[in-house]
Amino acid sequence: EVSNLSKRFGNFKAVDNISFSIPTGQIVGLLGPNGAGKSTTMRMITGFLIPSDGQIKIDGIDIMSSPVECKRKIGYMPESAPLYGEMIVEDYLRYIADMQGVNPDEKVPFLCNQCGLKEVMHKNICDLSRGYRQRVGLAHALMNDPEILILDEPTSGLDPNQIEDVRSLIKEIGKTRTVIISTHILGEVEMICDRVIIISGGKLVADSPT
């Protein structure tokens, strides 16, 4: 639940007094042109940025007063998934599992199947195509079995086949959790989302079923 949320950088207002709430099990597209304030909004929802004004609640908990508790409920994939390129995919996912207190022997094979990584588990991340790197980023975001999955431009830079694969994966994941997708591509929202929230110039200008 986002209430009267704003973010200023000096005199520039990147996000201007926006409010919305998202129930469990909905796939929502945050749509708008580049520079509209989508990524800034997402970074505030995930706790990476501190709002200038307003309030964010995750499952009724204020993210400012209980940031760790809120972040445990969230999986986040930025536009370019920040991965350790010199690591082998399996080692990287086991490392993330250990860091998040998850049993890697159970979780890593499960995510390998769910995200279609079987063919590349033995490869260095820097040798993967952008599509496979996005899948590794998605596996990372799903590691703690989050109730809310936040994806920033998840198909940016992918070829048509990779886009179709990632879209199918997101739709499958969205059956069991809340998903928020940021994009500037209208067709993406129409293909994946149940609902669209349009942001332009930092303001919320539309919110309705797709």
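The values are calculated or read from the model by the stated rules, or taken from the named source; none is laboratory data. Keep in mind that this is a model prediction, so the values were computed, not measured. Here the Cβ is made from the backbone with ideal geometry for all residues, glycine too, and neighbour counts use every protein chain on show. With ligands, DNA and RNA removed, areas are computed over all heavy atoms of the protein, side chains included. Shrake-Rupley method; radii C 1.70, N 1.55, O 1.52, S 1.80 Å.
Here is how the numbers come out for the structure above:
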read-out	value
Cβ charges +1 (Lys, Arg) and -1 (Asp, Glu), total dipole of the range 96-210, debye	60 debye
Residue-averaged [θ]222 nm for the chain, counting only DSSP H segments that reach four residues, each worth -39500 (n - 2.57)	-9500 deg cm²/dmol
FRET efficiency for Phe12 and Asp207, using Cβ-Cβ distance with R0 set to 25 Å, rounded to 0.05	0.55
Positive minus negative residues near Leu117 (Lys, Arg vs Asp, Glu; Cβ under 11 Å)	+2
Charge tally in the Cβ shell below 15 Å around Pro160, where Lys, Arg are +1 and Asp, Glu are -1, Pro160 excluded	-2
Å² per residue, accessible surface of the chain at 1.4 Å	48 Å²
Projected label distance in nm at Met87 and Glu172, using a 7 Å step from Cα toward the beta-carbon	2.3 nm
Neighbourhood net charge (9 Å Cβ-Cβ; Lys/Arg +1, Asp/Glu -1) for Ser21	0
Rounded to the nearest 20 debye, dipole of the chain from Cβ charges on Lys, Arg, Asp, Glu	420 debye
Cα centroid separation - the range 141-210 against the range 74-106, whole Å	21 Å
Spatially near lysine pairs across the chain, Cα under 15 Å, sequence gap of 8 or more or different chains	8
Extreme residue, positive dipole direction of the range 16-141, given options Ile50, Val28, Gly75 (C-beta unit charges)	Val28
Selection from Val136, Leu151, Met121, by position along the positive dipole direction of the range 121-176 (Cβ)	Met121
Dipole magnitude (debye, nearest 20) for the range 66-110, charges at Cβ of Lys, Arg, Asp, Glu	280 debye
Karplus (6.51, -1.76, 1.60) ³J(HN,Hα), θ = phi - 60°, over the range 16-28, in Hz, Gly and Pro reported as x	10, 6, 9, 9, 6, 9, 10, x, 4, x, 10, 9, 10
Rounded to the nearest 10 Å², the accessible area of Ile192 at probe 1.4 Å	10 Å²
Surface share of carbon and sulfur [accessible, 1.4 angstrom probe, percent] for the chain	49 percent
